[in-house]
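Just so it is clear, none of the values below were taken in a lab; they were calculated from the coordinates. Keep in mind the model is a prediction, meaning the values are calculated, not measured. Note that we place each Cβ from the backbone using ideal geometry, even for glycine, and neighbour counts take in every protein chain shown.
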Amino acid sequence: MKFRIHRFNPETDAKPYMQDVELDIEPSKMVRDALIRIKAKDETLAFRHSCGEGVCGSDAINVNGTNALGCLTRLSSLQEPIEIRPVPGMPIIRDLIVDMEQFYHHYRAVKPYLIRHDPEPEVEYRQTPQQRDKLDGLYECILCGCCSTSCPSFWWNPDKFRGPAALLQAWRFLADSRDQATDERLRELDGPYRLFRCHTIMNCVTVCPKGLNPTKAINEIKKLMLKEMI
Amino acid sequence: MKIPKRKFDVLVIGAGGGGLRGSLQLAQAEASVAVVSKVFPTRSHTVAAQGGMNAALANVLPDNWHWHMYDTVKGSDYLGDQDAIEYMCRAASKIVIEMEHFGVPFSRLENGKIYQRPFGGQSQNFGGDQAARTCAAADRTGHAILHSLYQQNIRAKTHFFDEFFAIDLIKDDEGFILGAVVLEIETGEPMLIEAKTTLLATGGAGQLFRTNTNAHINTGDGLAMALRAGVPLQDMEFFQFHPTGIAGKGMLISEAARGEGGYLVNKDGERFMERYAPHAKDLASRDVVSRSISIEVLEGRGCGPSGDYVHLKLDHLKREVLDKKLPAICESIRTFLGVEPATDLIPVYPTAHYTMGGIPTNRHGQVVVPVSTGEEPIPGLYAVGECACVSVHGANRLGGNSLLDIVVFGRAAGNDIVNFLQENRYHRPMSEESVESALGRLARWDQKGKGEPVDTIRRELQAVMEKYCGVFRNEDILSEGLGKVLEIEQRMSQVRLQDHSRIFNTARIEAMELENLIDIAVATVTSALARKESRGAHSRTDYPDRDDQNWLKHTLYYKDTRRLDYKPVKLKPITVESFPPKERVY
């Protein structure tokens, strides 16, 4: 199969270039398998990967123009030559590896942890199955960054807009019946940028490898904000 | 060579559940903590744990910690240390509730309590009816726990060194561990992290085997660092093969699939576990089920064109169970096999999964070595989780006990380190010699010229381990395997990197990971060859029985001269009566 792979080693390359690679590989394999085999022949190729089953979120890349996890993208689903690039909009460190710090910063900034003001009981906080159902589609996020790095609003304002991944987590805690920091969380997201730069382009929904819906979560936050205002 | 230096009270190496639970305890106690991880914390392999975490909450069926203890001792084939097992099982309920308070999105029962499911090797009333002890967040419990722990560490302002690779521990002449030399992967520059205590939480070494359920990063770095620091490894012959990896591929299908009512069938459609374990059937402990599958295949009752796997049957389960309780494995089955679990059978085969052995510790997480009168801690060194051997898992770990292990002992080690810090208030003088030696390990990979590539050697090692150190073993196979592993070790000195760049050089990391794997492979095969009995996951066809007379003891392997030593199993619990070894039937 034919591949075109984004290469850039800042120590030796003045600028990035696309490398053509031919590889004998069964089309039933995943993009990650192909990258591993290419690396076995040319160890200078650098990319992140780990679990190989879509739960660690290490191997977000851009394949034929779409963000995806290498380990979940089947070669046979792709048109040749298969173009593999780093996810867009982030500083490139080397080859397919980008600097994710900005992305992590926004995640940490939404206080992605349960906040309680009441004294802790000695037993579990009770939560009905229906209340717990509200967390489905939210807690499963693997922080791969496919969504935020496909979001034009995040590209324009990477320092101010929290981005779909962080906002999905903001809603994950707002939606949790155990959390007691609704006001604080909403206040934190108010203003023209952090939340409201979302223009419902919905790239995030299209690319999420876990089938999650950050746009819906963002709308839920907006609705809750409105409700709290009234 | 002058390298940058940072100083902390505690250095934690590894950011899975064990490391993060330890660092959280320490950060909350206002110690300065650095967590070094070769991947961003939520990419650690705890994230892939599926089925759940055991605790006798009795939310679904009657239960108590003592029954859990009995099951764990029996599951370990009596090689587990009963003081540590009592400690873990007693702590379990409190620890799970604490995790829930940290925000873990456990699945729920109608009454609002944490959902629990049956898992392998669980019983009520010391070997009676099946228990339901495994607390679950659907089949993404590891993900839920790891993310919650990382989130709590954000809150506690733990200091993270993400994408830093630990090269070696620093040890002074008096045997104190003083921190580690680490490599910043992005810049390729080494750095010294000085610490009054170091906690190893680097996980297991599933990458020893070609087909495994583990991540690419599971190369047992902490185990090998300990070996090179003169610490022995304990019980390395006990490696768990999970009964249900996707055949030929290795992706894990959680025991939860059987806990929720799935079962295994051979090519005749026979539910064969009824023959091997009439009482517990498909929920016998993992070593038993893996051996049974292997026997079915060896005796010609395997499925598929080559008869080399069996089927896991889920198609009789209610759609709601699949969607609500097993969503992630269903997704995984669809993605990697292209079949539909609601209608199709799933090809599975025992797959390398979990390192029962590891760095010997006591129940406080202190790394301990034998001295003439028992054991002594190595000052300044702790280990928890899969890289450690407490030993709560003995010769076979029960499903749902590893997530428990990491949080229980991560927390316990954190607490003990707080005490250690009170008695050891100041950093000790640095051992420049030890730093140089660690840097030498890095410099070795600057050697240029022709040589075998890392990838070739790694693949050979994995193939050798799979063939010569798998589910069934005997003297001939293991001797031959040891020869092959030692030959690979020899060849390693001729391996050269072609990529000598600095910035994010993953080839160099993989080279050092391979060195680690080779050290562990030698430890594993050497220990397995010496143990002339069958116990838990270590199954010798030439010694098919357990031999408590001669082998009710822990193996210790030392890297220098590949020496073996043994130490007694702690059969005495903390407060209750001992569970003496007896025949193990499920």
Legend entry - In Hz, Karplus ³J(HN,Hα) per residue of region B:164-178 (6.51, -1.76, 1.60; θ = phi - 60°; x = Gly, Pro): 10, 9, 7, 8, 7, 6, 9, 9, 9, 5, 8, x, 6, 8, 10
Inset, instruction - State, to one decimal in nm, how far the label point of B:Glu452 lies from the label point of A:Lys41, with both points 7 Å from Cα in the Cβ direction. - result: 2.2
Inset, instruction - Determine the shielding of peptide A:53-65 by partner chains: average, over its residues, the number of Cβ atoms on other chains within 10 angstrom of each Cβ. - result: 5
Inset, instruction - List every residue whose amide H lies under 5 Å from the amide H of B:Val369, counting only residues 5 or more places away in sequence or on a different chain, with H placed 1.01 Å from N in the peptide plane. - result: B:Glu376, B:Ile378
Inset, instruction - Collect residues whose amide H, placed 1.01 Å from N in the peptide plane, falls under 5 Å from the amide H of B:Tyr566; neighbours closer than 5 in sequence don't count. - result: B:Leu556
Inset, instruction - Can you find, among B:Phe472, B:Leu482, B:Ser434, the residue farthest towards the positive end of the dipole of region B:409-486? Put +1 on the C-beta of Lys and Arg, -1 on that of Asp and Glu. - result: B:Ser434
Inset, instruction - Enumerate by residue number the chymotrypsin sites (Phe, Trp or Tyr not before Pro) in region B:99-142 meeting two conditions: DSSP loop (anything except H, G, I, E, B), and at most 13 other Cβ atoms within 10 Å of the site's Cβ. - result: B:Phe126
Inset, instruction - On each of the three principal axes of the Cα atoms of region B:229-373, give max minus min coordinate, whole Å, ordered largest first. - result: 60, 36, 30
Inset, instruction - Return the FRET efficiency for the residue pair B:Asp268, B:Thr343: r is the Cβ-Cβ distance, R0 is 25 Å, and the value is rounded to the nearest 0.05. - result: 0.80
Legend entry - Length gained when the stretch B:Glu98-B:Lys7 is fully extended (0.36 nm per residue, less Cα-Cα span): 29.7 nm
Inset, instruction - Run the dipole for the protein assembly as shown about the Cα centre, Lys and Arg Cβ at +1, Asp and Glu Cβ at -1, nothing else charged, and hand back the magnitude in debye, nearest 20. - result: 1400
Inset, instruction - Might you report the magnitude of the Cβ-based charge dipole of region B:11-138 about its Cα centre, with Lys and Arg at +1 and Asp and Glu at -1, to the nearest 20 debye? - result: 400
Inset, instruction - Using the structure shown, list the pairs from A:Lys39/B:Lys249; A:Lys39/A:Lys210; B:Lys325/B:Lys582; B:Lys532/B:Lys559; B:Lys450/B:Lys559 with a Cα-Cα distance above 30 Å, or answer none. - result: B:Lys325/B:Lys582
Legend entry - Peptide ranges B:312-320, B:93-101, B:410-418 listed from the most packed, as the mean C-beta count within 10 angstrom indicates: B:410-418, B:93-101, B:312-320
Legend entry - Long-range tail of P(r) for region B:469-516 (Cα pairs > 15 Å, %): 59
Legend entry - Peptide-level mean, for A:27-37, of C-beta atoms on other protein chains within 10 Å: 1
Inset, instruction - Enumerate by residue number the trypsin sites (Lys or Arg not before Pro) in region B:524-554 meeting two conditions: DSSP loop (anything except H, G, I, E, B), and at most 15 other Cβ atoms within 10 Å of the site's Cβ. - result: B:Lys532
Inset, instruction - Only helical DSSP H runs with n ≥ 4 go in: add -39500 (n - 2.57) per run for chain B, normalise by residue count and round the 222 nm mean residue ellipticity to 500 deg cm²/dmol. - result: -11000 deg cm²/dmol
Inset, instruction - Decide, for region B:373-423, between rounded, prolate and oblate: order the square roots of the alpha carbon gyration tensor eigenvalues as a ≥ b ≥ c, take rounded if a/c falls under 1.5, and otherwise choose prolate if a/b is larger than b/c, else oblate. - result: oblate
Inset, instruction - Take the Cα pairs of chain A, get the Kirkwood Rh, then feed it into Stokes-Einstein at 20 °C and 1.002 mPa s and tell me D in µm²/s. - result: 112
Legend entry - Test item: A:102-108 mean partner chain Cβ contacts at 10 Å: 2
Inset, instruction - For region B:446-547, take the alpha-carbon Rg, divide it by the Kirkwood Rh, and send me Rg/Rh. - result: 1.10
Legend entry - Length-normalised contact order for chain B - Cα pairs under 8 Å, 6+ apart - percent: 22
Legend entry - trypsin sites (Lys or Arg not before Pro) within region B:134-182: DSSP coil, no more than 15 neighbouring Cβ in 10 Å: B:Lys157
Inset, instruction - Note the angle between two axes, namely the Cα long axis of helix B:141-156 and the longest principal axis of the Cα atoms of chain B, as a number of degrees from 0 to 90, rounded to the nearest 10. - result: 40
Inset, instruction - First check a/c for the protein assembly as shown, with a ≥ b ≥ c the square roots of the eigenvalues of its C-alpha gyration tensor; if it is under 1.5, answer rounded, and if not, answer prolate when a/b is larger than b/c or oblate otherwise. - result: rounded
Legend entry - Helix-only [θ]222 nm of chain A, DSSP H runs n ≥ 4, -39500 (n - 2.57) each, per residue, nearest 500: -8500 deg cm²/dmol
Legend entry - Under-5 Å amide H pairs with B:Ser123, H placed in peptide plane, nonlocal only: B:Ala131
Inset, instruction - Please work out, to two decimal places, the log10 of the ratio I(q)/I(0) at q = 0.06 Å⁻¹ from a Debye calculation in which every Cα of chain B carries one identical scatterer. - result: -0.27
Legend entry - Axial C-alpha extent at least 20 Å, average Kyte-Doolittle at least -1.0 - helices from chain A (DSSP): A:214-229
Inset, instruction - Treating only the Cβ atoms of Lys and Arg (+1) and Asp and Glu (-1) as charged, compute the dipole magnitude of chain B about its Cα centre; round to the nearest 20 debye. - result: 640
Legend entry - Over region B:498-586, relative contact order from alpha-carbon pairs under 8 Å, at least 6 apart, %: 17
Inset, instruction - Run the numbers on region B:446-547 and let me know its relative contact order in percent, using alpha-carbon pairs under 8 Å that are six or more apart. - result: 35
Legend entry - Per-residue HN-Hα couplings for region A:142-158 [Karplus 6.51, -1.76, 1.60; θ = phi - 60°; Hz; x = Gly/Pro]: 10, 6, 6, x, 3, 5, 4, 7, 10, 9, x, 5, 6, 5, 6, 10, x
Inset, instruction - With a 10 Å radius around each residue's Cβ, average the other Cβ atoms per peptide and rank B:420-433, B:238-251, A:160-173, highest first. - result: A:160-173, B:238-251, B:420-433
